[in-house]
Each structure stands twice: as C-alpha cells, then as structure tokens.
1. Based on the mean of other Cβ atoms within 10 Å per residue, sort peptides 26-37, 90-101 so the most packed one is first.
2. Any chance you could list the semi-axes, whole Å, largest first, of the equivalent ellipsoid that the Cα gyration tensor gives for the range 1-43, using √(5λ)?
3. Just want to confirm a number: the relative contact order over the chain, from Cα pairs under 8 angstrom separated by 6+ residues, in percent.
4. Quick one: how many lysine pairs does the range 93-155 have with C-alpha atoms less than 21 Å apart and a gap of 8 or more or different chains? Give me the count, please.
5. How would you rank 126-134, 9-17, highest first, on the average number of other Cβ atoms within 10 Å across their residues?
6. Place a +1 charge on the Cβ of each Lys and Arg in the range 89-156 and a -1 charge on the Cβ of each Asp and Glu, then give the dipole magnitude about the Cα centre in debye, rounded to the nearest 20.
7. Looking only at the range 86-112, which residues have a backbone nitrogen under 15 Å from a spot 7 Å from the Cα of Glu137 in the C-beta direction?
8. Quick one: Debye curve from the C-alpha atoms of the range 79-156, no solvent, what's log10 I(q)/I(0) at q = 0.15, 0.18, 0.23 Å⁻¹?
Amino acid sequence: ISQFEKVGITQIAENIPINLVNLQQLNKKAGEWSHSKLKGFTIIDSILRNTNQPVSLYHISLLFGLPRIEFEAVLAHELLHVWLHLNKITLSLASTEGFCNLGSYLIYKNDNTQFSSIHLKAMDTSKDIVYGKGYREMKVQLEKLGWKKLIRNLLY
C-alpha cells in the first residue's frame, strides 16, 4: 500500500480478509476464471444493507507458499482490482487485468532483484491475450503518461 501511495494510488479499502489457500481451493474460488497458473483471486460481493445502499465486501485469496516478493506482487495485483471497484472504474477485461498487472510491475520494479527481473521479463513476453497483451498496453500508457496522469485518466 505504501508503494501505491508513492505513485498516487490512494484510499484502498482496509481490513480486507486475505486467505492463503492451496491451488485447488484457489481454483474453486475462481470458478470459471480458474487456470493452472492462478496465484490470486479477488471476490467482490455487493450486498444491500438496511439503508438500501449497496455495500461491497472484498475477499482476497492468495496461493500459499509463494516467495515473499511474489506474494507482494500478486497481492498488489488483487488490491488494484479492489481499487478499480471502489472508484467505479470499468475497463475491458484486458485493460482491467493489464492495469492490475501494473501493481505487480511496481512491486517487482522496486525490488530490483534477479528474481523480480525474471518475473518482469515473463510479464513482458507473456502470450496471454488478457494478462500479457493487456499488461503491455497499460505499460505503454504508464511509460507515456506516468503514474499520476494514468491514474487521473482512469478516475475522470
């Protein structure tokens, strides 16, 4: 969260439950979105309280046993899903996942280790139409605009 705040991503919901689960449990939670490389998943439940105002509850599940920096990168990705929802930002699937992958990018870039470099290269070369292509398109926007302007463009 402190790394997000430094680039202008603020007001991420607090007290979000984070559950560490095995791959089978993670894929069960993900349902139709499950796949063999899944490392995290966010569930957003909208419910109506007595005031008829919708309240959203967020639940993040992360794969148990990830190395610390990978855990942080996956958590950053999932927290950006929450941030997009809180700010009522609706993007295409590729742009959503691409933007959320910028959270992982931020963590890996700031870590500046060989481990993180390998993950950044994998993200840059991913052939996945949603996670790979969407990430590269969002990364181009980030490099062109910078964090503050990219965030402002998403918010307004």
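1. Taking the mean over residues of other Cβ atoms within 10 Å, the ranking is 90-101, 26-37.
2. 27, 11, 9
3. 21 percent.
4. For the range 93-155, qualifying lysine pairs total 14.
5. 126-134, 9-17
6. 240
7. 90-102
8. -0.50, -0.72, -1.11
Here, each number is a calculation from the coordinates, and none is a lab measurement. Keep in mind it's a predicted model, so treat the numbers as computed, not measured. In this analysis, Cβ positions are derived from the backbone assuming ideal geometry, glycine residues included, and neighbour counts consider all displayed protein chains.
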